[in-house]
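Please read the structure below before turning to the comments.
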Amino acid sequence: MKTLLHPPELSASRAYAVWLRNVKVWRRLAVPSLLGNLADPLIYLLGLGLGLGLLLPKVAGVTYLTFLATGTVAFSTMNGATFEALYSGFARMHVQKTWEAIMNAPMSLDDVIVGEMCWAATKAFFSGAAILIVIAAFGLTPWTHALAAMPLVALIGLTFAGLGLVATSLAPSYDFFMYYFTLFISPMAMLSGVFFPVDQLPAMLRAATGWLPLLHAIGAVRPTLLGTPNPDLWLHVLVLALYAAGGLVVARALIRRRLLK
Amino acid sequence: MDRPNDALERPVTRQRSPLVVEGLRKSYGDHEVVRGVSFSLVPGECFALLGPNGAGKTTTIRCILGQTMPSDGRIELVGESVPDHARQARQRVGVVPQTDSLDPDFTAAENLEVFARYFGIAPDQARERIPRLLAFAGLEAKADAKVPALSGGMKRRLTMARALINDPELLVMDEPTTGLDPQARHLIWDRLKGLITDGKTVLLTTHFMDEAERLAHRIAILDEGRIIAIGTPRDVIAEHIEPQVVEVFGDWAEHTGGAPAWATAHAAAFSRRFEISGETAFCYIDEPGALLDHLAGTGLRYLHRPANLEDVFLKLTGRELRDS
């Protein structure tokens with residue numbers, strides 16, 4: 001509780017230096033990294049969307065390919081933030097001792113965590129935006145809708161970066177992340193409407209899964225891309241923002257306990 | 001005016017101490033790791049904290065840098081109160097940590113460049129400093145080499161260069177030569193001596209007594225969280241131990257028990273104090289002449305040497321292993 005309430009010690013310019021460090025590493029691998037981020041979801045999209053799509057009637061009023069594409073934007077953004085916050089974050093926190101080195105300089109743990117969270121969100125944004133560009137180029141959504149979804153993609157990146165850092169702060173080793181994927185990320189993907197509409201789920205299950213962050217991510221992004229009315233948009237945005245902030249606060253307390261003990 | 005030159009010889013305003021530690025305590029649960037440590041540094045001196053593993057050296061350093069909350073006590077680092085203003089203090093301190101924390105994704109030069117940014121040093125100012133620091137570390141030829149391609153000694157020198165990027169008022173080094181071969185250690189000592197000669201204040205921790213004797217103006221021996229001896233190496237040796245040591249070992253002509261059996265029978269007669277450790281007897285002595293004459297006829301082997309810090313250290317902290 002004491003660590004949870006520790007007053008923040010944050011400087012935007014110092015957090016930016018942490019972010020910039022990660023950009024500098026990423027820059028030399030930018031092209032393969034972006035292509036990788038794009039190839040994986042596109043394989044899914046084309047394989048499932050075209051293959052399975054041929055067998056299916058319209059889903060939620062659109063072709064299955066379009067339905068899946070609009071879900072994939074949120075799904076890929078989530079994965080981008082999660083991988084960066086978990087595996088790369090753990091490498092810098094624990095394996096390479098990068099955070100320790102940074103904190104020998106006049107940098108606070110808050111500078112490091114905020115810089116890392118923003119970086120994971122940035123990288124996730126690259127993944128989500130790349131897919132938005134591709135699906136707009138294929139004519140699955142108008143360019144104006146793709147543009148309108150960009151800020152939502154950025155927010156989804158922050159949400160899953162914050163949640164991912166909580167997992168990282170608890171991890172004794174890389175193996176731990178398997179649990180995060182099999183117990184949280186993968187079931188959530190099935191229950192949040194990436195691959196099929198959630199109204200296919202039994203009512204009881206739907207009621208029990210209303211809190212899932214990916215459900216709100218898709219709830220925000222899909223209608224925006226389809227141009228359908230979305231009366232709950234601000235609710236989704238609020239929930240995503242709360243997860244982002246909650247993840248940050250909890251991760252910060254846990255990492256404080258882990259590194260500054 | 002009896003002594004007109006006094007004011008010139010001794011400046012009226014004494015320089016502020018780069019580090020003051022008073023009554024520092026740190027507990028983890030019921031276990032008190034640091035139990036009331038006090039010392040302060042004089043500008044320009046090299047001060048070594050010595051202690052066996054688990055003595056509280058690293059915890060003391062972490063408290064000083066504001067990286068863990070002390071349970072009690074007062075710390076003033078380069079004039080700033082820690083932990084409250086630890087960040088401001090670290091702006092003017094350089095740190096060489098015990099474990100390698102260089103950035104493996106970057107080259108030697110990039111490591112310095114990225115680190116400079118954490119201090120808010122302008123890029124052009126950093127670019128001007130980096131070649132000088134690489135030259136100091138003897139790494140000009142390795143500027144563009146990635147960190148994993150560097151040897152252990154090179155990495156440690158690069159870490160030293162990194163700690164100097166902000167031209168710190170105080171350099172803190174936690175076991176700077178642990179794990180290095182003798183050549184690499186001597187090179188580190190050489191650079192460190194250069195810095196000390198140039199007037200840099202240095203706080204180092206080590207468990208190598210020869211390192212402390214060679215580099216430090218003053219030392220403090222830390223054991224179980226307390227300072228048990230403090231002063232210049234020479235004073236600490238003179239205060240705590242007899243000036244001469246004769247180490248006796250090997251086979252004794254009169255008895256199969258070897259040096260330990262000999263020591264039990266005779267050592268007390270010749271030395272002020274003696275200890276048996278394994279197969280060796282350590283005789284601490286003021287004047288070794290009589291003992292050496294006696295040993296000549298026994299078949300035992302011996303080594304006669306002046307007492308050093310290691311003898312003090314072993315006397316004060318004991319010979320049992322500290323594996324923690």
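The values are calculated or read from the model by the stated rules, or taken from the named source; none is laboratory data. In this text the structure is predicted, and so the values were computed from the model without any measurement. Because the Cβ atoms are built from the backbone with ideal geometry, glycine has one as well, and the counts that use them run over all protein chains shown.
So in the stretch A:182-217, with the set limited to residues that are among the polar types (S, T, N, Q) and part of a helix (DSSP H, G or I), which one is nearest to residue A:78 (Cα to Cα)? Steps first, answer last, please.
Kept after step one, since they are among the polar types (S, T, N, Q), are these residues of the stretch A:182-217: A:182, A:186, A:192, A:200, A:209.
Right, trim to part of a helix (DSSP H, G or I) and you get A:182, A:186, A:200.
Numbers: A:182: 15, A:186: 11, A:200: 23 Å.
Restricting to residues being among the polar types (S, T, N, Q) and part of a helix (DSSP H, G or I), the top hit is A:186.
Give me a count of the residues in the stretch B:121-143 that are under 19 Å from residue A:20 (Cβ atoms) and touching a residue at least 12 places away in the same chain (Cβ under 8 Å). First the steps, then the outcome.
Going residue by residue through the stretch B:121-143, those that are under 19 Å from residue A:20 (Cβ atoms) are B:121-127, B:129-130.
Then keep just the ones that are touching a residue at least 12 places away in the same chain (Cβ under 8 Å); that gives B:121, B:126-127, B:129-130.
Qualifying residue count, the stretch B:121-143: 5.
Looking at the stretch B:92-101, which of the residues that are buried (at least 19 other Cβ atoms within 10 Å of the Cβ) and either touching a His at 6+ places or on another chain (Cβ under 8 Å) or at pLDDT 95 or above (or both) is nearest to the other protein chains (Cβ to nearest Cβ)? Steps first, please.
At the first step, the residues of the stretch B:92-101 found to be buried (at least 19 other Cβ atoms within 10 Å of the Cβ) are B:93-97, B:101.
Pick out the ones that are also either touching a His at 6+ places or on another chain (Cβ under 8 Å) or at pLDDT 95 or above (or both) and you get B:93-96.
Values: B:93: 8, B:94: 8, B:95: 4, B:96: 9 Å.
Across the stretch B:92-101, the extreme among qualifying residues is B:95.
Go through the stretch B:272-283 and count every residue that is closer than 20 Å to residue B:252 by Cα and part of a strand (DSSP E or B).
From the stretch B:272-283, those closer than 20 Å to residue B:252 by Cα are B:274-283; that's our starting set.
Restricting the remaining residues to those that are part of a strand (DSSP E or B) gives B:274-277, B:280-283.
Residues that pass the stated criteria total 8.
Restricting attention to the stretch B:72-91, report how many residues are within 12 Å of another protein chain (Cβ to nearest Cβ), in contact (Cβ under 8 Å) with a residue 40 or more places away in the chain and either in a strand (DSSP E or B) or farther than 16 Å from residue B:163 by Cα (or both).
Count: 1.
Restricting to the stretch B:297-309, count the residues that are of a type in the set (A, V, I, L, M, F, W, C) and closer than 17 Å to residue B:260 by Cα. Show your work before the answer.
Narrowing the stretch B:297-309 to residues of a type in the set (A, V, I, L, M, F, W, C): B:300, B:303, B:307, B:309.
Remaining after also requiring closer than 17 Å to residue B:260 by Cα: B:300, B:303.
Here the count works out to 2.
Taking the conditions exactly as written (away from chain B (no Cβ under 14 Å) and either without any contact (Cβ under 8 Å) to a residue 24 or more places away in the chain or not basic (Lys, Arg) (or both)), does residue A:30 satisfy them or not?
Values: away from chain B (no Cβ under 14 Å): no; either without any contact (Cβ under 8 Å) to a residue 24 or more places away in the chain or not basic (Lys, Arg) (or both): yes.
Answer is no for this residue.
How many of the residues making up the stretch A:94-117 are facing chain B (nearest Cβ under 7 Å) and not in a loop (DSSP other than H, G, I, E, B)?
If we filter the stretch A:94-117 for residues that are facing chain B (nearest Cβ under 7 Å), which is where we start, we get A:96-98, A:100-108.
From what is left, the residues that are not in a loop (DSSP other than H, G, I, E, B) are A:98, A:100-102.
Adding up the residues that qualify gives 4.
Suppose we filter the stretch B:107-166 for residues that are surrounded by fewer than 19 Cβ atoms within 10 Å (Cβ to Cβ) and polar (S, T, N, Q); how many remain?
Count: 3.
As an exercise: evaluate residue A:131 against (1) modelled with pLDDT of 95 or more; (2) touching a Pro at 6+ places or on another chain (Cβ under 9 Å) and give the number of the one condition it does not meet.
Unmet condition: (1).
Among the residues of the stretch B:199-210, which ones are more than 12 Å from residue B:57 (Cβ to Cβ) and modelled with pLDDT under 90? Walk me through it before giving the result.
Going through the stretch B:199-210, the residues more than 12 Å from residue B:57 (Cβ to Cβ) turn out to be B:199-202, B:208-210.
The answer is B:199, B:208, B:209, B:210.
Taking the condition of being under 10 Å from residue B:248 (Cα atoms) and touching a Lys or Arg at 6+ places or on another chain (Cβ under 6 Å), how many residues in the stretch B:262-296 meet it?
0
Considering every residue within the stretch B:252-259, establish whether at least one is part of a strand (DSSP E or B), assigned by TED's automatic domain parsing to the domain that holds residue B:153 and either in contact with a Gly (Cβ under 7 Å, 6 or more places away or on another chain) or buried (at least 19 other Cβ atoms within 10 Å of the Cβ) (or both). Before you say what the answer is, go through the steps one by one.
Step one: of the stretch B:252-259, the residues part of a strand (DSSP E or B) are B:252, B:255.
Subset that is assigned by TED's automatic domain parsing to the domain that holds residue B:153: none.
Checked against the condition, which is being part of a strand (DSSP E or B), assigned by TED's automatic domain parsing to the domain that holds residue B:153 and either in contact with a Gly (Cβ under 7 Å, 6 or more places away or on another chain) or buried (at least 19 other Cβ atoms within 10 Å of the Cβ) (or both), the stretch B:252-259 yields no hits at all.
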